[in-house]
Structure formats: structure tokens, C-alpha cells
Amino acid sequence: MTDFSESDFPEIRQGVRALCADFPGAYWRALDRDRAYPKAFVEALTQAGYLAALIPEEYGGSGLPLSAAAAILEEVHASGGNGGACHAQMYTMGTILRHGSEAQKKEWLPEIAAGRLRLQAFGVSEPSSGTDTLSLTTTARREGGHYIANGQKVWTSRAEYSDLMLLLARTTAKEEVKHKGEGLSVFVVDLREATRGENPPVTIRPIRTMINHATTEVFIDNLRVPAENLIGEEGRGFRHVLDGMNAERILIAAECLGDARWFVDTARVYACERRVFGRAIGQNQGIQFPIARAYAQAQAAALMVRQAATLFEAGQPCGAEANMAKMLASEASWAAAEACLQTHGGYGFAEEYDVERKYREARLYQVAPISTNLILAHIAEHVLGMPRSY
Ligand SMILES: Cc1cc2nc3c(=O)[nH]c(=O)nc-3n(C[C@H](O)[C@H](O)[C@H](O)COP(=O)(O)OP(=O)(O)OC[C@H]3O[C@@H](n4cnc5c(N)ncnc54)[C@H](O)[C@@H]3O)c2cc1C
């Protein structure tokens, strides 16, 4: 068994492995075929308290560090499962935790920790702005005790399975702000109310994708958001969500490490068992080397994931490390996916081996939550001091 993380949080890892054993490949395969939500799995993770790992004990969570959450998600993916249906329940609340008022924390965090309230949708991406988040055009205009929001989000994952959504919207026109990072604000939207009735202000439309990810388009038409649902300062929303984005990247990187473990192990076992030309295919260096290389890549990425998590936990700047961890881990898992599929030959394409499903799932992380090109541009500009390219 390959283990990139040595023995950090062994009891948590053991517990997650035991839980995931009840959700084998056949479970994920059936959901994938129907593009159905893994309700029973999410319920089990919630009941076991894993999704409340990062919520402080005073608000009903376990108060664990980010690296413990990383261990949980790595194990989910190493088991052959996928955390995409619920991983955001762990970290989306971080914006409230770090920037919300005491009243907001008391109102939402204990309910989220108990699993009675789902906050696992985060509306940032829009059709016209793409990666250029600061050009987003969804607006929220103050009117008395409310903000009136209008616009459209895309790729808002899990919105159908979330009670609340974190919404990033423009409260001051781009032309009127001094610094480009200003003028955006972050709100908690109650999707239960906003989607109710005949002509609701929020309409959620699922997008069918190559993986089972419950992602959607969200249309917002004159949505009234109570002013007390503004998190932090008006106009500073982009700053408020940035540290949450670092947490997300580190946790996604951990999922990639779990995927890499699954692919390497699955390929290794198959390579040792499958006999062609009278010997195990794993005896051929052409089969061994890509698996060994992917293993080495994943080991290296694991060190970067750990470094990024350590900085995050110490409250230190970790933008570059979180981005590099996500990039390196997503490339390592993809190298492992390639090696695993190739090792399986034609059987890699058969659904019952789970390789093709995991292969499709692993590809996402070079695009979302941020694409590799944008990470390279960040490193070039902010770490290496090269000219801004966009
Ligand atoms: C399954 C899925 C789930 C998602 N979930 C969410 C979610 O829950 N919430 C949310 O807000 N978003 C979500 N996203 C959106 C995701 O974050 C974006 O797709 C991603 O950031 C890329 O943005 P884009 O698709 O608009 O690509 P674009 O910005 O259109 O870019 C297209 C390509 O051009 C490249 N490119 C663009 N500009 C440059 C440049 N200056 N230099 C070099 N290359 C460049 C990009 O790297 C990319 O490869 C999800 C996406 C998917 C597919």
C-alpha cells in the first residue's frame, strides 16, 4: 500500500478507510451512470463528524487543523470514492469563520457542524468573466435593509444539495474602485427561500458533465439578500474569500494524492497479476516505469501539500505553496491515471474496473478550482517577479 503521508492522523485515516469500505466501486459506478448524488455516503461522512473537522469546538465542530481535513479527503479518494459531492461543506464555512461577525458564526456554524445546514455551494465563476474573477458582473445593490442581487453564475457545484450558498457579487462598479481587488462583496444566500415558489429569484439548472459532480448554472433575478448576510466588509469580499481559496486548493491537492495512491496501487496489483507472453506484464520496464514515475511525482507533491498546509495552519501567507501543491498533485494524479489506464490495456475502458471513472474524475483538477496556466502565471509574476502576462 502506497502511503504518501506517512502516519499523520492514523486514527482518522483508519476511521475514514473503514467508513469508505461500505461504499465500494459498485456504489460509485451506479451513481456515475445515473449522475446521481451520493446521499448515503455524504450522510455517513456527516454522521461520523468528518465534514465538521475544521469548525472550532466552541461552534460544535472538531477543531482539527487543515492537514487533518486533508487526510480525510485523501483517504476518501484513495479508497476509490470521490469527495467532490461534499468536500466544500468542510471549507466554505471558513469565510464565515474568519470574517463573519460573532452573531453570524453563532447562527450558522453550529448548524453546519451538526450537518443540519448545508453550506457547500460557492458562486464565483460566471459565463462572461471565466478565470478573470475580478471582472464578474453579478451585482448586489444596497436598498434599505437588503441587497438586491442580479446576475448569473456557472459551475456552481452542489447548489441543488446546499441550503446556503456563498455568493461573490459586485457592490461597486469596477470603474469606481481605486484598487482592482475592491468592490466585490461576499454574502450568504439562503437557497431554500430563494428557490421557493412559482417565479423564484434563484433558478438552478444542472449541467451534465463528463463526471458525476452535481454542478449547475445559477440564475439570479432580483434576489433580496438581508444586509446582515453580508460577510465582513462591503467591497472587501475578494480579500475575504482568498484565504478560503488557499484552503480549497490544499484540500483538492490532498484528493489528488488520494487518487494517485488509488491509481498506483490498482496499476501495481494488476501489473503483477496479468500475464501476457507467459509472464506478468509488470516484469516489463515499459509497464513498471510509468507507475514508478507517477509514484515519485506523487511523493514529491505530497511534500508540497504538507508545506502549504503547515503555512496555512500557522496563519502565514501560503498562496504560492497552495497553488503549487494543487498543480503538482493534479499532475501527479494524472500521470498515475495515465499509467493505470495503459497498464490495464483494454480492460481500463471497462466500467467494472473503475479505472475509466477515476480517470475522468482525476482530469478535473488541472482545470478547477483553478487551471494550471493561471497557477504558472501566478508563480511567474508573484514568486519570480516576471511581468504580468494578463
Ligand atoms: C466540474 C466543475 C466544477 C466547478 N465548480 C465550481 C464551483 O463550485 N464554483 C465556482 O465558482 N466555479 C466552479 N468551477 C469553475 C472553475 O473554477 C473554472 O472552470 C476554472 O477556474 C476555469 O475557468 P473557465 O472555465 O472560465 O476557463 P477560462 O477562464 O475560459 O479559461 C479557458 C482556458 O484558457 C486558459 N487561460 C485563460 N486566461 C489565460 C491566461 N491569461 N494565460 C494563460 N491561459 C489562460 C485557462 O487556463 C483555461 O485553460 C467548476 C468547474 C468545473 C468544470
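The values are calculated or read from the model by the stated rules, or taken from the named source; none is laboratory data. Note that the structure is a prediction, hence the values are computed from the model and not measured. Here Cβ is always computed from backbone atoms with ideal geometry, including for glycine, and neighbour counts include all displayed protein chains.
A compact table of results
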item	result
Of all residues making up the stretch 137-162, the number that are away from the ligand (no atom under 13 Å from the Cβ) and farther than 14 Å from Asn229 by Cα	3
Residue list for the stretch 7-27, restricted to those being assigned to a loop (DSSP other than H, G, I, E, B) and at pLDDT 95 or above	Phe9, Ala21, Asp22, Phe23, Pro24
Any hit, the stretch 99-117, residues being within 16 Å of the ligand (Cβ to nearest atom) and outside the structural domain of Ala247 (by TED's automatic domain parsing)	no
Within the stretch 69-93, tally of residues that are of a type in the set (A, V, I, L, M), farther than 17 Å from Gln47 by Cα and more than 16 Å from the ligand (Cβ to nearest atom)	3
Leading residue by the ranking (farthest from the chain's Cα centre (by Cα)) among those in the stretch 288-303 that are among the hydrophobic types (A, V, I, L, M, F, W, C) and buried (at least 21 other Cβ atoms within 10 Å of the Cβ)	Ile291
Where Tyr390 falls short, out of the listed (1) over 21 Å from Ala88 (Cα atoms); (2) of a type outside the set (Lys, Arg); (3) away from the ligand (no atom under 14 Å from the Cβ)	(3)
Output for the stretch 232-282, where each listed residue is under 21 Å from the mean Cα position of the chain (by Cα) and either small (Gly, Ala, Ser) or outside any helix (DSSP H, G or I) (or both)	Gly237, Gly244, Ala247, Ala253, Ala254, Gly258, Ala260
Matching option when the condition is crowded, with 20+ Cβ neighbours inside 10 Å and out of contact with any Ser or Thr (no Cβ under 8 Å at 6 or more places or on another chain), among Tyr91, Tyr27	Tyr91
Of residues in the stretch 124-136 being surrounded by 15 or more Cβ atoms within 10 Å (Cβ to Cβ) and near the ligand (Cβ under 7 Å from one of its atoms), the one farthest from Gly183 (Cα to Cα)	Ser125
Tally, over the stretch 137-156, of residues that are assigned to a loop (DSSP other than H, G, I, E, B) and crowded, with 23+ Cβ neighbours inside 10 Å	1
Candidate set: the stretch 213-262, residues that are more than 15 Å from the ligand (Cβ to nearest atom) and at positive phi; chosen: the one surrounded by the most Cβ atoms within 10 Å (Cβ to Cβ)	Gly232
